[in-house]
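Student: After the structure tokens below, expect a handful of questions from me.
The values are calculated or read from the model by the stated rules, or taken from the named source; none is laboratory data. Small disclaimer: the values here were computed from a predicted structure and weren't measured. Cβ atoms come from the backbone with ideal geometry, glycine included; neighbour counts cover every protein chain shown. Heads up: the accessible areas ignore ligands, DNA and RNA and are worked out on the full protein's heavy atoms, side chains in. Shrake-Rupley method; radii C 1.70, N 1.55, O 1.52, S 1.80 Å.
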Amino acid sequence: MKQFASDNCAGICKEAVDALSLANQGHATSYGDDEWTRRACDAIRNFFGLPCEVFFVFNGTAANSLALAALCQSYHSVICHESAHVEADECGAPEFFSNGTKLLLAGGSGGKISPSEIVRIARRRSDIHYPKPRVLSITQPTETGALYSLAELRAIRGAAESCGLAIHIDGARFFNAVASSGCDPGTLVRESGADVLCLGGTKLGMSAGEAVVFFNRSASEEFAFRCKQAGQLASKMRFLAAQWVGLLEGGAWRTHASHANAMATLLRENLSRIEGIAFPFPTEANSVFVQSSPETLRHLRERGWSFYEFIGGAARFMCSWDTTPDDVHALSADFAEAVRQSLPT
């Protein structure tokens, strides 16, 4: 039984497995000084079509936290949405790795931060007793699966620049955003003005590994030392890097991201036919958020389905690169039955 709790539940896609198998033949130089790592870095540069510095780490927490630490001093602050992963799900790692940089929380529907909110928070205080705003962190797509449009990204960039803020993007599902938006990756980055983007590979079918991509290349100075100090420098780096080669060089990333998005669209279409279900957020990538009664969700869990309830009490269902229409129909049928069981007798 496949699950919809997270796209982390899925296994490793064939392209990543094949690349790992090829990388496992013979010996290679350690700590990233190998052909697979060079190919992976070049593949990411080609993906964006932009000059950039690329570093590989094991997970998203390290990617976000170390990237923010590279942009901040301990007396700085980071503006982020109140539901952002760096605030709600990183166990204080951004503050830890930056030696105390404070997170300043912004509101906004759908997990988005508006330009006016950026300016309001950045200019709220400028005295020496307050942590100086230094970075804006946004998530694309947001924690609720919403996408920033090009117009929204341009407006955010203008607000950030007017306040002297660097820009960090949490792109744990950036591939899904690209596939949904119809824009090329470089355009999304240029319009956002991103200094650094944390590009997620695990949720798209890799076993582990995220890429920290610096478009402001001067900000990456000595970043390799941060990775080493944080325990994120893989000795057998080729086994992180090879998976990126498998996903990027043949275009498998687009196939898997588009498929996951399409399965989320199908799931929402199925569930929309069931009475008693509401959708608090749009489905613009590979997530579907559902509001239903506690009894319905309890019955759904009793049928073996796992999912998270968070962000306004909604239940989140994530589709993965390997989700099939049959999986979606099975969940939908059980959801309809769970609703029926919850009706008063």
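Student: Only residues that are surrounded by 17 or more Cβ atoms within 10 Å (Cβ to Cβ), outside any strand (DSSP E or B) and touching a Phe, Trp or Tyr at 6+ places or on another chain (Cβ under 6 Å): list them for the range 275-299, please.
Tutor: Once the filter is applied, which keeps residues that are surrounded by 17 or more Cβ atoms within 10 Å (Cβ to Cβ), outside any strand (DSSP E or B) and touching a Phe, Trp or Tyr at 6+ places or on another chain (Cβ under 6 Å), the range 275-299 yields only PHE281.
Student: Is there any pair linking a residue in the range 5-34 that is farther than 25 Å from ALA172 by Cα to one that is in a helix (DSSP H, G or I), with Cβ under 6 Å and at least six apart or on different chains, and which?
Tutor: Pairs found: ALA28/ARG238; ASP34/ARG238.
Student: Could you please find all residues in the range 163-220 being within 11 Å of the chain's Cα centre (by Cα), small (Gly, Ala, Ser) and within 17 Å of LEU153 (Cα to Cα)?
Tutor: Hits for the range 163-220 are GLY171, ALA177.
Student: Identify all residues within the range 180-207 that are out of contact with any strand residue (DSSP E or B) (no Cβ under 8 Å at 6 or more places or on another chain), touching a residue at least 60 places away in the same chain (Cβ under 8 Å) and open to solvent by 30 Å² or more (accessible area, probe 1.4 Å); write none if there are none.
Tutor: Passing the criteria: SER180, ASP184, ARG190, LYS203, SER207.
Student: Sort through ILE121, ILE128, ILE113 and tell me the only one that's among the hydrophobic types (A, V, I, L, M, F, W, C) and under 26 Å from ALA285 (Cα atoms).
Tutor: ILE113
Student: Check TYR75 against each of (1) open to solvent by 70 Å² or more (accessible area, probe 1.4 Å); (2) in contact (Cβ under 8 Å) with a residue 60 or more places away in the chain and name the one condition it does not meet.
Tutor: (2) is the only condition that TYR75 fails.
Student: Something else: Can PHE58 be described as at pLDDT 95 or above and open to solvent by less than 60 Å² (accessible area, probe 1.4 Å)?
Tutor: Details: at pLDDT 95 or above: yes; open to solvent by less than 60 Å² (accessible area, probe 1.4 Å): no.
So PHE58 fails the test.
Student: Would you pick out the residues in the range 115-142 that are closer than 14 Å to SER162 by Cβ and open to solvent by less than 20 Å² (accessible area, probe 1.4 Å)?
Tutor: ILE118, ILE121, ALA122, PRO133, LEU136, listed by residue number.
Student: Listed residues GLU302, GLU309; which is over 26 Å from the mean Cα position of the chain (by Cα), open to solvent by 50 Å² or more (accessible area, probe 1.4 Å) and not basic (Lys, Arg)?
Tutor: Of the residues listed, the single one that is over 26 Å from the mean Cα position of the chain (by Cα), open to solvent by 50 Å² or more (accessible area, probe 1.4 Å) and not basic (Lys, Arg) is GLU302.
Student: I need every pair where a residue in the range 110-123 that is under 21 Å from GLU143 (Cβ atoms) has its Cβ under 8 Å from the Cβ of a residue that is open to solvent by 50 Å² or more (accessible area, probe 1.4 Å) and assigned to a helix (DSSP H, G or I), sequence separation at least 6 or different chains.
Tutor: LYS112/GLU152
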